[in-house]
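Participant: Before I ask anything, let me first share the structure, which is written out below as structure tokens.
What follows is calculated from the coordinates using simple rules that are stated; it is not laboratory data. Since the model is a prediction, treat every value here as computed from it, not as a measurement. Heads up, the Cβs are rebuilt from the backbone with ideal geometry, glycines too, and the neighbour counts pull from every protein chain shown.
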Amino acid sequence: MLITDLRSDTVTKPTPEMKEYMFAAIVGDDVYQEDPTVNALEAKAAAMFGLEAGLFCPSGTMTNQIAIKAHTEPLTEVICDQTAHIYQYEGGGIAFNSSASVALVQGERGKMKPAQVEYYIRPLNNIHFPETKLVALENTCNKGGGSFYTLNEIAAIAEVCQRHNLALHLDGARVFNALVAANENPVDYGKYFDSISICISKGLGAPVGSVLLGSREFISRSRRIRKVLGGGMRQAGYLAAACNYALDNHVERLQEDHRKAKAFEEILLQSNYVESVLPVETNIVIFKLNSMYTDAAFVQALANENIRASSFGPQMIRFVTHLDITDEMMNHVIQVLKSLNKQAVTV
Ligand SMILES: *Cc1c(COP(=O)(O)O)cnc(C)c1O
């Protein structure tokens, strides 16, 4: 039976063309920095974002955690939104890996305002406080329902960081969704961020792989940390090839995923079991159910129709559109969503 999996854009499988490209890769030992395909991916991604160097890693959690460790020291602090993946979904890794504390900002749908960031910067030369070192943004914001910062909004936060001598990191797990939606050029990001983590295993459809980007000096320190964490891979070029293929072929098509997410939003807004839908801006749809269904009952009702979705908190459901969602699947899901409306009982 065909399963429509809307739980995450991480569930995509390599396309036949991608697999062919992977098997044809020329590889070497990447710990010796001798894998030409990994080297090409790192250089390509760095150039795309206007930064000097890149580091290929097995996951976005690792690229984020390496960046945080490279930017901070024990007894220092990271500022991020309260919903940030680096805080909520990386297992407490900031404490474990970096012995740093976190200041949580109450942003709007995952987005912080420059004044909020500035408010959380600690006074200097006061032994009571941790020392603020790093600000981290997420683009797009997962818990914000795929909301995104525009370049102008990023520039305003970067200005605060520069004034206070703080590093600025981007968790860009879905940065290509933001770039496509805002119709912006990644090369401009390099002007504002000291480091950027990009994931190729989400909407871009590679089976594995994230790249950390930054200055040559930052990446060479990061390479040491990656080795310590056990992330030094050998003939990783087979995986990097999938990422190269995805960067060349799967970026522009993200518009298609955004269009599909919008189609879900439209249906959900007309459904009598929905209380509210977070405005859909990219490929994530987060909605709240009214009392007709609990989130568990709703997920089960979808599962009965071979549709997988995530419960995203009490009464909350998340759908994520991606490369493997066909038009046929879309039609099926829309039909099921319509059928879940409960009719008023007539006597
Ligand atoms: C998925 C994701 C990551 C990285 O996740 P991995 O599964 O470790 O690759 C980081 N940040 C955000 C916002 C994400 O959605």
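Participant: If amide hydrogens are placed 1.01 Å from N in the peptide plane, which non-local residues have theirs closer than 5 Å to the one on residue 138?
Facilitator: Long-range HN contacts for residue 138: 171.
Participant: So, one more: From the phi angles alone, apply the Karplus equation (6.51, -1.76, 1.60; θ = phi - 60°) to segment 329-337 and give each ³J(HN,Hα) in whole Hz, x where the residue is Gly or Pro.
Facilitator: My calculation for segment 329-337 gives 5, 4, 4, 4, 4, 5, 4, 5, 4 Hz in order.
Participant: Going by a ≥ b ≥ c, the root eigenvalues of the Cα gyration tensor, does segment 2-82 fall in the rounded group (a/c under 1.5), the prolate group (a/b larger than b/c) or the oblate group?
Facilitator: oblate
Participant: Tell me, what is the Rg over Rh of the chain, with Rh the Kirkwood radius over Cα pairs?
Facilitator: Numbers: Rg = 21.0 Å, Rh = 21.0 Å.
Computed over Cα atoms, the ratio is 1.00.
Participant: Still on this structure, please answer the following. Quick check: from the Cα gyration tensor, does segment 25-178 come out rounded (a/c under 1.5), prolate or oblate? Provide the component values of the computation, followed by the final result.
Facilitator: Numbers: a/c = 1.90, a/b = 1.50, b/c = 1.27.
Prolate shape, in that a/c is at least 1.5 and a/b is the bigger ratio.
Participant: Quote the relative contact order of the chain in percent (integer), defining contacts as alpha-carbon pairs under 8 Å separated by 6+ residues.
Facilitator: On the way: 708 pairs, mean separation 84.1, N = 347.
Across the chain, relative contact order equals 24 percent.
Participant: Report the Stokes-Einstein translational diffusion coefficient (µm² s⁻¹, integer) for segment 253-343, Rh taken as the Kirkwood radius over Cα pairs, at 20 °C with viscosity 1.002 mPa s.
Facilitator: Numbers: Rh = 13.1 Å.
My calculation gives 164 µm²/s for D.
Participant: Report the Cα centroid-to-centroid distance between segment 126-181 and segment 275-347 in angstrom, as an integer.
Facilitator: When both Cα centres are located, 31 Å separates them.
Participant: With the cut-off at 1.5 for a/c, could you classify segment 86-154 from its C-alpha gyration tensor as rounded, prolate or oblate?
Facilitator: Values: a/c = 2.60, a/b = 1.35, b/c = 1.93.
Oblate, since a/c reaches 1.5 and b/c is not below a/b.
Participant: Using just the helices of the chain, give the 222 nm mean residue ellipticity in deg cm²/dmol: DSSP H runs with n ≥ 4 each add -39,500 (n - 2.57), and the total is spread over all residues, rounded to 500.
Facilitator: Values: 13 runs with 134 residues, N = 347.
So the helix-based figure for the chain works out to -11500 deg cm²/dmol.
Participant: In whole Hz, what ³J(HN,Hα) sequence does segment 224-237 give by Karplus (6.51, -1.76, 1.60; θ = phi - 60°), x for Gly and Pro?
Facilitator: Residue by residue, segment 224-237 yields 5, 5, 4, 5, 4, 7, x, x, x, 9, 8, 7, 6, x Hz.
Participant: Among bridges DSSP assigns within the chain, what percent are antiparallel (round to 5)? Provide the component values of the computation, followed by the final result.
Facilitator: On the way: 22 of 42 bridges.
Here the antiparallel bridges make up roughly 50 percent for the chain.
Participant: Taking amide hydrogens as modeled 1.01 Å from N in the peptide plane, which residues meet the under 5 Å criterion relative to residue 59, leaving out close sequence neighbours?
Facilitator: 210
Participant: Let me ask you something else. For segment 301-324, list residues with backbone N below 20 Å from a point placed 7 Å from the Cα of residue 82 toward its Cβ?
Facilitator: Flagged as within label range: 312-317.
Participant: Among 270, 128, 39, flag the residue with its Cα farthest along the positive direction of the charge dipole of the chain, charges on Cβ as +1 for Lys/Arg and -1 for Asp/Glu.
Facilitator: 128
Participant: Next question, about the same structure. So which of 288/342; 69/113; 44/260 end up more than 19 Å apart, counting from Cα to Cα? Before the final figure, lay out the partial values.
Facilitator: Values: 288/342 16 Å; 69/113 24 Å; 44/260 29 Å.
Listed pairs above 19 Å: 69/113; 44/260.
Participant: Something else: Rule-of-thumb check for segment 137-205: C-alpha Rg over 2.2 N^0.38 Å? Don't jump to the answer; show the numbers that get you there.
Facilitator: On the way: Rg = 11.7 Å, N = 69, 2.2 N^0.38 = 11.0 Å.
With N residues counted in segment 137-205, Rg over 2.2 N^0.38 Å equals 1.07.
Participant: Oh, and also: What do you get for trypsin sites (Lys or Arg not before Pro) in segment 180-245 restricted to DSSP loop and a cutoff of at most 14 other Cβ within 10 Å of the site's Cβ? Please report the intermediate quantities before stating the final value.
Facilitator: Details: sites: 191, 202, 216, 221, 223, 224, 226, 227, 234; in loops: 202, 234.
Answer in residue order: 234.
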